[in-house]
1. Suppose R0 equals 25 Å. What FRET efficiency, 1/(1 + (r/R0)^6) with r the Cβ-Cβ distance, do E62 and V39 give to the nearest 0.05?
2. Considering the dipole of the stretch 7-67 built from charges on the beta carbon (Lys and Arg +1, Asp and Glu -1) around the Cα centre, which of Q56, Q41, H20 is farthest to its positive end?
3. Q27 versus R87, label points 7 Å from Cα toward the beta carbon: distance in nm?
4. Need the full-extension length gain, D4 to A98, defined as separation in residues times 0.36 nm minus the C-alpha distance. One decimal, nm.
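Only the coordinates and a few stated rules stand behind these numbers; no lab work does. All values derive from a computational prediction rather than experimental measurement. Ideal geometry is used to build each Cβ from the backbone, glycine not excepted, and the neighbour counts take in all protein chains shown.
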Amino acid sequence: MAEDPFEHARREFKRTLERHREHMRKQMERARAQMTAAVEQARADMERARAEFEEQMAKAREHMDAMPGWKGSPTAGPKPTGSKRRRPRRKPPGGEPAPVKPRPKPTPLMDGAEAPIE
């Protein structure tokens, strides 16, 4: 039996595909590493910003608590805890709805007569 004339081309094609696959795998790993680094950097930035925000809020609370007469201040006195009476709902404007005349019932036609054309 004769040797396959495309055997050399087939081997070369498979080798090329293998090299391309390896190259793509390396690129994907590099991209994944870059994305992971970017996500970690963003997380670190968020944590730093959160810590700064919490620190600023603590300073603002201390400042507000030190002010006399501030509602959130413990020196402002007790908060009123009364229940306000609610007014009943108002009726919608207008009076009783206008009466509606009932629809007339059609009378059946006699002796198989057809309906008049109008």
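1. Numbers: r = 35 Å, r/R0 = 1.40.
For R0 = 25 Å, the calculated efficiency reads 0.10.
2. Selected residue: H20.
3. So the label points at Q27 and R87 sit 7.3 nm apart.
4. Values: separation 94, 0.36 × 94 = 33.84 nm, distance 9.79 nm.
So the extension gain works out to 24.1 nm.
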